[in-house]
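This report concerns only the one structure given below.
The values are calculated or read from the model by the stated rules, or taken from the named source; none is laboratory data. Note that the coordinates shown come from a computational prediction; the quantities given were computed from them, not determined experimentally. When we count neighbours, we look across all protein chains shown, and the Cβ atoms used for this are built from the backbone with ideal geometry, even at glycine. Each accessible area value is taken on the protein alone, full model and side chains, heavy atoms only, with ligands, DNA and RNA left out. Shrake-Rupley method; radii C 1.70, N 1.55, O 1.52, S 1.80 Å.
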Amino acid sequence: MRQGIKDTNRMELIFCNQPENERIGRTMAAVFATVLNPTLEELSDFKTAVSEAVTNAIIHAYPGAEGDINMVLERKGNEITVTISDHGIGMENVEKFMEPLFTTLPSEERSGMGFTFMEAFSDHLEVKSEPGKGTCVCLMKKMGGK
């Protein structure tokens, strides 16, 4: 680790569920991770996983309404953990929603691969949800080859 850089850090963002904020969330996560000097592949994988999690919250959490999405970024050593949560409609059966190709919006040409991509492009994925109370997606990625 470079001199003067602490081994831990934390940042929290709160943004509304506007589609343009997916790009902002993904970019902020990438910038937060750059202190670890990740490879281009590590950074690309991380951005993809974060993008899918933020997109899911933007599209599904508050159907037809506005709402806030929280994104917490934490760095401990060479691990970045991103927690994306909302207080939206939630999911009753998380396992069903995480199945590849499952989508609640087939009319909007959604592929149903968001959770599959999150899982493939992170080192650990955890999803908690409660109907009427919201969803929390936590993903972790090791970076920088430490």
Inset, instruction - Write out, first by first residue and then by second, each pair whose Cβ atoms fall under 6 Å of each other, whose residues are 6+ apart or on separate chains, and whose first residue, in the range 11-35, is within 19 Å of residue 139 (Cα to Cα) while the second is open to solvent by 70 Å² or more (accessible area, probe 1.4 Å). - result: 14/68; 26/47; 30/47
Legend entry - Lone unmet requirement of (1) touching a residue at least 12 places away in the same chain (Cβ under 8 Å); (2) out of contact with any strand residue (DSSP E or B) (no Cβ under 6 Å at 6 or more places or on another chain); (3) of a type outside the set (A, V, I, L, M, F, W, C); (4) open to solvent by 70 Å² or more (accessible area, probe 1.4 Å) for residue 38: (4)
Legend entry - Pairs where the first residue, in the range 47-59, is without any contact (Cβ under 8 Å) to a residue 60 or more places away in the chain and the second is in a helix (DSSP H, G or I) and among the hydrophobic types (A, V, I, L, M, F, W, C), C-beta under 8 Å, 6+ apart: 47/29; 47/30
Legend entry - Some residue of the range 80-87 being open to solvent by 70 Å² or more (accessible area, probe 1.4 Å), outside any strand (DSSP E or B) and modelled with pLDDT of 95 or more: yes
Inset, instruction - Go through the residues of the range 96-119 one by one and say whether even a single one is closer than 30 Å to residue 39 by Cβ, modelled with pLDDT of 95 or more and outside any helix (DSSP H, G or I). - result: no
Legend entry - Filter result for the condition that a residue is more than 18 Å from residue 89 (Cβ to Cβ) and crowded, with 17+ Cβ neighbours inside 10 Å, over 53, 49: 49
Inset, instruction - Would you mind telling me which numbered condition in (1) under 15 Å from residue 82 (Cβ atoms); (2) at pLDDT 95 or above residue 56 fails? - result: (2)
Inset, instruction - Name every residue in the range 15-33 that is assigned to a loop (DSSP other than H, G, I, E, B) and either surrounded by 13 or more Cβ atoms within 10 Å (Cβ to Cβ) or polar (S, T, N, Q) (or both), in order of residue number. - result: 17, 18
